[in-house]
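Below is one structure, written out as structure tokens; the observations come after it.
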Amino acid sequence: MFVLDSHCDTPSQILRLRDLSKDNDHAHVDFPKLKQGGVDGAFFALYVPASMNPEEGFEYAVRLLGGVKEQVAANSGKAAFATDMNDALANKEKSLFSVFLGLENGAPIGDDINRLKYFYDNGVRYITLCHSSDNQICDSCASREKTWGGLSPFGRKVVAEMNRLGMLVDVSHVSDDTFYDVLKYSSKPIVATHSCCRKLADHPRNMTDDMIRALASAGGVIQINFYPVFLDSGFVDVLRNSGIMERGESVENKFIADPSDPVKRRAWNCIQDELMALPRPSYKRIVDHIDHAVSLAGVDHVGLGSDFDGIEVTPDGLENISLMPVIFDEMRHRGYSEADIEKIAGLNFFRVMNA
């Protein structure tokens, strides 16, 4: 079985001086944890905050890309880049972890469609069209007043060029109208690399039943996110009432500004410990979302996109990626066949990549 996680925000942690060769404390992803968890490959997302303008975002994405390249080069006996299923299977034969690349937030493209080719040539194989605000490509699910009513005219060109190049169009974070526009204008199957089911947790980041059905009908795949806020509506209140996020934001920002300062790192780790002490939904809730998506779309259109390293808190029992097997054990307990588990573990996403 090839286990693929379609979304980890690990490049951002590399800029925070994480050494992936070590089993890091207070970390979701590093090479020892990936090996322990039996994870064979993951998309490392080059996450660009929505607060950055296109030029700042492009420079930042290039920095993230450089950090990933340095870490892979420094761990050549443990990991190698991959851009397709064949690369990944060849790496697995050599006992190497496969590092795929995605770009989270299309804002760094600016108004220069040729930048798509730049990212493609540097190994990026999907782009999450936006993040927490509208950009020049499309509307975000997080914006109150939408700019475009879906895809912008430029966004339609972006989707067409991504289809031509062979880059997956990722609809996680987009508005509902953008989602349906992407389905309309994309000539290839699309993906939601880290999203959950709105029926089970009423959050705009999650997909409605109709969206999940439409995604599957077009040949795409929904990759279930591990963030407790997207897994269980009740946790939203737990998190809000704790007040930890408000206190933690300034602590984290100080740490990001100077990750080499051990005092600032310890302060941020203390905030992480407080978050993890909250009553969190179980990892079994992930399988509830898998069950629901499978009931709508079929077992060929569901996968896993953890959002590890981009989420502040994890499900109970799945504190980092070394514990990934608990998901498959729970699926076996619920009656999934090994063939079906293999599809959800990675084959479904690879099928869409191949398409």
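For first residues located in the stretch 36-65 and on the phi > 0 side of the Ramachandran plot, partners that are modelled with pLDDT of 95 or more and lie 6+ apart or on another chain with Cβ distances below 8 Å form the pairs GLY38/VAL3; GLY38/MET324; GLY38/PRO325. Do we find a residue being within 19 Å of the chain's Cα centre (by Cα), more than 17 Å from HIS28 (Cβ to Cβ) and of a type outside the set (Phe, Trp, Tyr) anywhere in the stretch 291-299? Within the stretch 291-299, one or more residues are within 19 Å of the chain's Cα centre (by Cα), more than 17 Å from HIS28 (Cβ to Cβ) and of a type outside the set (Phe, Trp, Tyr).
Quick check: is even one residue across the stretch 154-173 aromatic (Phe, Trp, Tyr), surrounded by 24 or more Cβ atoms within 10 Å (Cβ to Cβ), in the same structural domain as GLN223 (by TED's automatic domain parsing) and touching a residue at least 12 places away in the same chain (Cβ under 8 Å)?
Within the stretch 154-173, none of the residues are aromatic (Phe, Trp, Tyr), surrounded by 24 or more Cβ atoms within 10 Å (Cβ to Cβ), in the same structural domain as GLN223 (by TED's automatic domain parsing) and touching a residue at least 12 places away in the same chain (Cβ under 8 Å).
Residues checked against (1) assigned to a loop (DSSP other than H, G, I, E, B); (2) under 19 Å from the mean Cα position of the chain (by Cα); (3) crowded, with 21+ Cβ neighbours inside 10 Å; (4) at pLDDT 95 or above:
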residue: PRO204; (1), (2), (3), (4): yes, yes, no, yes
residue: GLY219; (1), (2), (3), (4): yes, no, no, yes
residue: GLN223; (1), (2), (3), (4): no, yes, yes, yes
residue: PHE230; (1), (2), (3), (4): no, yes, yes, yes
residue: VAL236; (1), (2), (3), (4): no, no, no, yes
residue: ASN253; (1), (2), (3), (4): no, no, no, yes
residue: LYS264; (1), (2), (3), (4): no, no, no, yes
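Only one entry of ASP232, ASP273, ASP291 meets the criterion of being out of contact with any helix residue (DSSP H, G or I) (no Cβ under 8 Å at 6 or more places or on another chain) and either under 30 Å from PRO189 (Cβ atoms) or assigned by TED's automatic domain parsing to the domain that holds SER143 (or both), and that entry is ASP291.
In the set (1) in contact with a helix residue (DSSP H, G or I) (Cβ under 6 Å, 6 or more places away or on another chain); (2) crowded, with 21+ Cβ neighbours inside 10 Å; (3) assigned to a helix (DSSP H, G or I); (4) not β-branched (Val, Ile, Thr), GLY303 fails one condition alone, (3). Just one of the numbered conditions (1) of a type in the set (A, V, I, L, M); (2) touching a strand residue (DSSP E or B) at 6+ places or on another chain (Cβ under 7 Å); (3) in a loop (DSSP other than H, G, I, E, B); (4) within 26 Å of ALA257 (Cα to Cα) is not true of VAL39: (4).
Residue check: is ASP307 touching a Cys at 6+ places or on another chain (Cβ under 8 Å) and in contact (Cβ under 8 Å) with a residue 60 or more places away in the chain? It is true that ASP307 is touching a Cys at 6+ places or on another chain (Cβ under 8 Å) and in contact (Cβ under 8 Å) with a residue 60 or more places away in the chain.
State yes or no: is GLY298 in contact (Cβ under 8 Å) with a residue 60 or more places away in the chain, assigned by TED's automatic domain parsing to the domain that holds HIS203, touching a Cys at 6+ places or on another chain (Cβ under 9 Å) and not basic (Lys, Arg)? Judged against the criteria, GLY298 is not a match.
The values are calculated or read from the model by the stated rules, or taken from the named source; none is laboratory data. Since the model is a prediction, treat every value here as computed from it, not as a measurement. Here the Cβ is made from the backbone with ideal geometry for all residues, glycine too, and neighbour counts use every protein chain on show.
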